[in-house]
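Data first, discussion second: the structure below is written as structure tokens.
Please treat every number below as a calculation from the coordinates, not as lab data. These numbers were taken from a predicted model, which means no experiment stands behind them. Here the Cβ positions follow ideal geometry from the backbone for every residue, glycine too, while neighbour counts run over all protein chains shown.
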């Protein structure tokens with residue numbers, strides 16, 4: 001074979017390999033990455049005064065993360081960017097706050113100070129914001145407080161006289177904020193800055209709310225059953241505007257923590273009064289008890 005022919009053949013092979021590599025590379029870039037199902041669940045046990053965790057495939061293998069005797073921790077949230085747990089401290093020396101800690105329990109730091117009785121917490125990681133449901137203060141004013149993730153620039157974006165705010169959740173897909181008020185017994189929705197508030201579920205009284213952005217649903221604890229009778233607590237689901245309320249589970253307990261794993265199409269929740277943590281399909285079917293014999297499980301998250 002002549003030298004020119006050899007060079008042409010080598011160039012052709014090189015071009016074919018290059019084109020193939022580009023096609024493969026483009027295919028990899030265009031293919032959406034699948035989210036990984038959660039592997040661990042973290043929770044607060046308010047009575048046992050600890051944050052603990054266990055693998056979802058081995059709930060018996062529980063590990064204590066942090067002794068919160070000095071914090072009175074109640075609600076949990078997870079920041080996937082800095083890999084830190086955020087928790088509310090309820091009435092800590094007459095002053096509540098938000099604290100964060102590493103996943104291994106080291107590096108506890110006070111983030112948001114000068115709250116009154118902070119219950120629920122939600123994080124907008126991309127927006128660098130913390131949202132807290134703070135109970136009525138000495139002047140009988142309840143607040144939904146927002147700050148930067150480092151605790152700077154805190155301010156009340158919702159203020160309501162006599163309000164008992166218990167839970168807060170975010171729908172970042174539609175830039176909406178949900179919050180639970182237990183004195184007048186209403187579940188509210190507003191813009192992320194607290195403007196344009198409206199009641200989406202009237203006559204509902206509970207301690208937890210969570211948004212399933214992927215499926216356009218809100219989940220909430222309610223101390224009234226589907227017939228409007230006072231109960232020991234149930235788990236309900238509704239459209240984002242509060243319509244089409246459905247019973248997910250007759251949990252017979254107050255629920256302080258709800259977590260959704262869209263990668264696995266599962267929902268998790270804690271039963272304060274039953275001392276259990278549950279897992280089910282998003283409609284409540286195939287429910288199992290992941291953990292029992294707890295004292296008072298409250299806030300949870302999965303990762």
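Counting other beta carbons within 10 Å of each residue's own, what order do 112, 211, 182 fall into, fewest first?
Lowest count first: 182, 211, 112.
Measuring r between the beta carbons of residue 114 and residue 199 and using R0 = 22 Å, the FRET efficiency lands at 0.15. Given R₀ = 22 Å, FRET efficiency for residue 213-residue 184 by Cβ-Cβ distance, to 0.05? Working from the Cβ atoms, E equals 0.25.
Using a Debye calculation, one point per C-alpha and no hydration shell, please list log10 I(q)/I(0) for the stretch 164-303 at q = 0.12, 0.13, 0.17, 0.22 Å⁻¹ in order. Per q value, in the given order, log10 I(q)/I(0) is -0.42, -0.49, -0.86, -1.45.
On the basis of the beta-carbon distance and an R0 of 25 Å, residue 292 and residue 250 show a calculated FRET efficiency of 0.90. When peptides 127-133, 60-66 are sorted by average Cβ neighbour count within 10 Å, with the highest value leading, the order is 127-133, 60-66.
Extension gain for residue 95 to residue 128 (0.36 nm times residue separation, less C-alpha to C-alpha distance): 9.5 nm. Each 20 Å bin from 0 upward holds the following percent of the Cα-Cα pairs of the chain: 33, 50, 9, 7, 1. Can you compute the modelled spin-label distance between residue 48 and residue 239, with each label point 7 Å from Cα toward Cβ, in nm? Between residue 48 and residue 239, the simple spin-label model gives 4.2 nm. Along the Cα-to-C-beta direction of residue 262, a point sits 7 Å from the Cα; which residues of the stretch 189-214 have their amide N less than 13 Å from that point? Those under the cut-off are 211-214. Compared with the dominant principal axis of the Cα atoms in the chain, helix 3-30 is inclined by about 10°.
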